[in-house]
Structures are given as structure tokens and as C-alpha cells.
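Engineer: One structure follows; several queries about it will come next.
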Amino acid sequence: MSHVLVLNRNLYAITVTPWERALTLLYLDHAAVVDDEYRVHDFKDWVELSKTIAEHPAGFIHTPTLRLAIPEVIALKAFDKVPRQEVPFTRRNIYHHYGNRCCYCGRHFQSSDLNLDHVVPRSRGGATDWSNIVTACIPCNLRKGSRLPHEAGMKLVVPLSRPKLRAGVTLLARAPIRMRRSWQRFIDNIYWDSQLEP
């Protein structure tokens, strides 16, 4: 199924939606298509423009009276807020956030040579979230065991932290959606859990 990037009125990416929903928003005049030149097209304009498009990456829908290109990017006409977002708490994002470093010895490792460590062990009520999880190499993880760092004679050389979205990061994919090349100018894919289309 083809997905469409949804921008707010100020052209900040806010979500991804199925193409059927995007066309509904376009038809109801709640959104406009944004092309590669940042021009916006309402439904009527998009119908006319679709007649001149020979090939389109997202494909076309056909009705008895028209052939309509499925938009890749739409912008809402009235909504100008940016929803508060956080980096998804995933193993991949944790490794990325800490730069594939062991937070106890500070050395860099391949992901396969790192574990996730509860700074405050689960057996002592430690949470499994950004406030308590760091990356640790296998030797450091075994040395620490189910103790607090100071009890194991260790300390965090890479401080425990929660990732912050950088300026320009406005969309986080939580589902396995292939990111379209046309979306790149609107989003920073540093924490995108999916693959870029070929």
C-alpha cells in the first residue's frame, strides 16, 4: 500500500497516512498536494496536472472519468501545529543515540557486541525506558551484573540521557513504512526505523 507524507500548513512533516485518506483530504479541500517545486495544488488542479503526468512513483488510481496520480506529499490547509514527538524507544535507536559506545568503558563496538543495561537493575525497580537504559559491552555488562554501577566499582563515562529531536526532525515512523525520496526534504531520517525506497 502506498503511503503519503502529511505536512502541516507550515510544511513541517507531522505524519504518514494511507493514500486513500490523503485523497479524501485533498477532495474535501482540507489539504493540497505539494510538488517537487514546493507548489501546492488543490484537487481540481491535481486532476488537471495528473493528465500530463506519464509516469508517477506512487502510481495512479483510475475511475470511469479520470486518471489521478497518487500524491506523495500533501499539506493540511488549516492545521499549523507540530505534534510533540519523542524518539521511539527501540534497540536500534538506543545504539544510535549512544553512538555504539559502551557507556561504562567508552569504547566503540559493533551492535552485535553490545547489550542494553539497566543502570538501576530491574530487580531493584529500574525502569526499561530512556531514563534508565544505556549500552554496555558484554564484559562491562557481565562485570556490573545486577548491581548499581558504584557497587560494581564502575561509573558511566557516557552520561545517561534521553535523545532530543534536532531542528528539522519532525517525523518518526513507528511502523515499517518505506520512506520515499520525495519526503527527504521535509524530514530528517536520523531515527527513521524504515528503509529508503530504491
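Engineer: If the cut-off is a Cα-Cα distance under 16 Å, which lysines reach LYS77, setting aside same-chain residues fewer than 8 apart in sequence?
Structural biologist: LYS44
Engineer: What length, rounded to one decimal in nm, is gained on full extension from ASP35 through to ARG147, with 0.36 nm per residue of separation minus their alpha-carbon distance? Kindly include the intermediate steps, with their values, before the conclusion.
Structural biologist: Numbers: separation 112, 0.36 × 112 = 40.32 nm, distance 5.54 nm.
Once the chain is fully extended between ASP35 and ARG147, it gains 34.8 nm.
Engineer: Arrange the peptides 97-103, 143-149 so that the one whose residues have, on average, the most other Cβ atoms within 10 Å appears first. Show your work: numbers first, answer last.
Structural biologist: Details: 97-103: 19.6, 143-149: 14.6.
By packing density, highest mean first, the sequence is 97-103, 143-149.
Engineer: While we're on this one: How far apart, in nanometres, would the label points at SER131 and ASP42 be if each is projected 7 angstrom from Cα along the Cα-to-Cβ direction?
Structural biologist: If labels sit at SER131 and ASP42, their model points lie 4.9 nm apart.
Engineer: Size of the dipole of the range 91-152 about the Cα centre, Lys and Arg at +1 and Asp and Glu at -1 on the beta carbon, nothing else charged, in debye to 20? Walk me through the numbers on the way to the answer.
Structural biologist: Details: 9 positive and 4 negative charges, 11 e Å.
Using Cβ point charges on Lys, Arg, Asp and Glu, the range 91-152 gives about 60 debye.
Engineer: Beyond 16 Å, what share of the Cα-Cα pairs of the range 91-152 remains, rounded to the nearest whole percent?
Structural biologist: Details: 713 of 1891 pairs.
So the pairs more than 16 Å apart make up 38 percent of the total in the range 91-152.
Engineer: State the Cα centre-to-centre distance between the range 1-47 and the range 57-125 in whole Å.
Structural biologist: First find each Cα centre; the distance between them is then 22 Å.
Engineer: Mind ranking 28-37, 119-128 by how tightly packed they are, going by the mean number of other C-beta atoms within 10 angstrom, highest first?
Structural biologist: On the way: 28-37: 15.9, 119-128: 12.7.
With the highest mean Cβ count within 10 Å placed first, the list reads 28-37, 119-128.
Engineer: Could I have the simple spin-label model distance between ASN115 and PHE79, label points 7 Å from Cα toward Cβ, reported in nm to one decimal?
Structural biologist: Spacing of the two 7 Å Cα→Cβ label points: 4.3 nm.
We did not get these values from a lab; they are worked out from the coordinates using the rules stated. Since the structure is predicted, the reported quantities are computational estimates derived from the model, not experimental observations. Ideal geometry is used to build each Cβ from the backbone, glycine not excepted, and the neighbour counts take in all protein chains shown.
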